[in-house]
Amino acid sequence: MDLDLNAAEKSVLQNLRDLLAVHPPAVPVYGQAALDAPLLDALAEGGLLSLAGQGSQGRLQAMLVIHEVSRANGMVAIGAQAMLGPVVAAGHPRRSIAVKRVSEVVPVRFAAQAELLVVLGTAQAEVFELAPADAKPESTHYGYPFARVDAALPRAAIGRFSAELILRRWQLGLAGEMTGALSGALAYLVTYLSQREQFDRKLGAFQAIQHRLSELAVTLEAARHLALEAAWSDGPEAAAMAAYYAADAARKMCLEAHQLSGAQGFTLEAGLHAWTLRLHALSLEAGGARWHAGVAAARIWGSAGGHAHVVGGDEAFYTDAFENTPA
Amino acid sequence: MDFGWSDTERQFRQDIRQFIRAELDHNVTDLVPGEDPYSQTSIEFCGKLASKGWLVPHWPVEYGGSGASPWMFAILSEEMWAAGEPRGSQYMNVNWIGPAIIKAGSAEQKREHLNRIARGDVLWCQGFSEVEAGSDLAAMKTSARREGDSYIIDGEKVWTSYASKAEFCFLLTRTSESGISIFLVPMSTPGIRVEVIPTMLDVHVIHRLTFERVTVPAAYRLGEEDGGWNIVRDALSDERVGTPRFARAEIVLDRVLQIVRDKGGSLSSGTSVRAVEARAACNAARLLSYKVRQSRATGQSAGPDAYVGRAAIVRAERAVADLVVDLLAEESLVSGSIADGEFRTSMIAGLGGGSYEMQLNLISRLWLNLPKGA
């Protein structure tokens, strides 16, 4: 057990910071978020998208990268690129990735920009090459570009993987993206409330405000450590639980951050929306907090209730996980 | 970073579990941690632990320990709490009273106290809170006035656990306007009166300690006069995560879900979410406690990590309690039932070791560096 960063992890973070200094992510124009292709290229060239293929230490490093890129508002699907990329696009880290659940024709993050679409089924996940005509962009203000992709694509899959593996890596990536954005939002709040004066006092000096920020800080630390441990273990329970916890925290942070930052927080010049609207979007991906919790519950307690198929990827898995988790 | 345990650490956990199964009556392990029946049990159990070298493994060899890593002690603490804390009040001895004496004690104090703590045959209580000085510990008024080679102690301490069984009190007193001093006071000293304060905690008994012209030798003072804050601050940082409540709460959660299942019940998706929320809160509390252990392992002060860890522990206990009382409904009203025990231990969780609100204050100041209040 060692919860301090080791030399390799510090080195990865330093490389990432150097890279972000050269390719500083910009606060996206409201409602016009787009893939930051130069940043994706730089991350790939810097070897920062291939780490998760290198065992538990590699996955930990990948989690650190995901957290930092998301915290900095990097406009790439960093969770999928860093956690799923080494699985579905091994050796090709530059290929941009979108992920969706099978049979769901919902808005999918980066679907109109991605080269690869990972479709998570109940027993297996399939990977398809995407053409621009496959995606129908949706109008949205939630921090990322979204598009719908038809349930049936007019070409064969180029790869097939275990659904279990793809799901847990998707959840790990999401957990990291959400903890990064949580961290960015909290840092904004602390800075703003330490400066903003009302009633002749800094707002951050009021205990009512301090306690709410402290609660958010505890939640962030909890989410971050659950995600780190889940990355290290690569266990399906841990990944689902980390994704659940981060998604639940993300929803709460979106509301709490805007409550605490008042009218100023809603202005585009403040920039808070870059984290909060992304948090909201991320909290819903893959089915959202309740869905992640259903998966986790089925994996932790489900088999004893006669749902042994939960690990195997039976057709009933996802329905049961969400709708009918047994005690 | 590395979230794994070594083979030695894994084996150590297994050995402790086996030892607990062999040595403890099942009913004892079901008791809420800290219950009074533990006084005798703890003397017997801690003696056996000591003979295995498992009471103070993390202490230096010269004081009866084996110099084991703080991680071994973390494993030990988790397994003890999960089993209902059979060390009783002695968890305080080994967690922070002994270490405080190791750090600040005189040669004579070390000789007198450390061997007994390491053998597991002595009970202590802590004299911290006063009626007007609970969360605001700095407002304490119990005084120790120097007279020659002695101190005269006057005042009152309240809400003290284990006082009627304890041989010694780790007592905080005021020795000057801004100075606090610590005394290691035998409870048999003339002038100390111990009364039970009736509470809704039932078997967990708390007391009022009255000190009327209690005369103790100056040699009973721990550390310098007026130098108590530094010692107690360090000791309390261990105490914040000294009770790994998440380890037992997790077991309670699993057991109650099994009870529901045995009755043929099923969980709604909403309840599943709460069960995962509670489990995740336990996991998070475990990891954030490890952050504090990490500081110990590397010889650093835990700093604000201790307050974050403590807050996470309280959240975990409450999340589990909240769910299990809902699941067992009216059955949770039955005295001594699993949900009754969990609910009541969760009520006190946010107070012992410093109130939850104090942890939030300290996180604001030391973690987030927010501006000071008026």
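FYI, it's all coordinate maths here, none of it is from the lab. Model, not experiment: these values are computed from the prediction. We place every Cβ from the backbone using ideal geometry, glycine too, and count neighbours over all the protein chains shown.
Before moving on, here are some points about what is shown:
- Most mobile listed residue (B:Asp322, B:Asp234, B:Asp202) in chain B, GNM with C-alpha springs under 10 Å: B:Asp202
- Over chain B, relative contact order from alpha-carbon pairs under 8 Å, at least 6 apart, %: 14 percent
- Inter-chain Cβ neighbour count for A:286-297, averaged per residue, equals 4 (cutoff 10 Å, partner chain atoms only).
- Hydrodynamic estimate: the Kirkwood radius of chain A over Cα pairs, inserted into Stokes-Einstein at 37 °C and 0.692 mPa s, corresponds to D of 164 µm²/s.
- Taking one quarter of the surface of the convex hull spanned by the alpha-carbon atoms of region B:96-154 gives a direction-averaged projected area of 5.5 nm².
- Label-to-label distance, nm, for residues given as B:Ser355 and B:Glu108 (7 Å Cα→Cβ offset): 4.0 nm
- Kirkwood radius for region B:142-285, taken over all pairs of different Cα atoms as the inverse mean of 1/r, rounds to 18.6 Å.
- Volume of the Cα convex hull of region B:178-257, divided per residue and given in Å³: 160 Å³
- Legend: mean number of C-beta atoms from other chains within 10 angstrom of residue C-beta atoms, peptide B:289-299, equals 2.
- Extending 7 Å from Cα along the Cβ direction at A:Ala131 and again at B:Arg13 yields two label points whose distance is 5.3 nm.
- Using distinct alpha-carbon pairs, which all enter the 1/r mean, Kirkwood radius of region B:7-122 in Å: 14.2 Å
- Taken over region A:8-67, the percentage of Cα pairs per 5 Å bin, counting from 0 up to the bin with the maximum distance, is 4, 18, 26, 22, 15, 9, 4, 1.
- Spherically averaged projected area in nm², based on the convex hull that wraps the Cα atoms of region B:125-227: 6.2 nm²
- Charge context of B:Met358, other residues only, Cβ under 13 angstrom, K/R +1, D/E -1: +1
- Against the main long axis of the alpha-carbon atoms of chain B, helix B:305-328 sits at an angle near 40°.
- With one equal scatterer per alpha carbon and no solvent term, the Debye-computed log10 I(q)/I(0) for chain B at 0.06, 0.08, 0.11, 0.12 1/Å reads -0.23, -0.41, -0.78, -0.94.
- Highest average packing first - A:139-151, A:111-123, Cβ atoms within 10 Å: A:111-123, A:139-151
- Direction-averaged projected area, Cα convex hull, region B:241-367: 8.2 nm², rounded to one decimal.
- Using the Cβ of B:Ala297 as centre and a radius below 14 Å, the other residues enclosed give a net charge of -3, where K and R count +1 and D and E count -1.
- Relative contact order (%) - criterion: Cα under 8 Å, at least six apart; region: chain A: 16 percent
- Debye intensity ratio I(q)/I(0), log10, region B:281-340, q values 0.17, 0.22 Å⁻¹ (C-alpha model): -0.62, -0.78
- Take the Kirkwood radius over Cα pairs of region A:184-258, plug it into Stokes-Einstein at 10 °C and 1.306 mPa s, and you get 117 µm²/s for translational diffusion.
- Stokes-Einstein D (µm²/s) once Rh is taken as the Kirkwood radius of the protein assembly as shown over alpha-carbon pairs, at 37 °C in 0.692 mPa s: 121 µm²/s
- Other protein chain C-beta atoms within 10 Å of residue C-beta, averaged over B:262-275: 5.
- The gain in end-to-end length when the B:Asn115 to B:Lys48 segment is fully stretched comes to 22.6 nm, 0.36 nm per residue minus the alpha carbon separation.
- Each of the peptides B:3-14, B:64-75 was scored by the mean count of other Cβ atoms within 10 Å over its residues; in descending order, highest first, they stand as B:64-75, B:3-14.
- Per-peptide average of other Cβ atoms within 10 Å, ordering B:91-101, B:253-263, B:328-338, B:350-360 highest first: B:91-101, B:350-360, B:253-263, B:328-338
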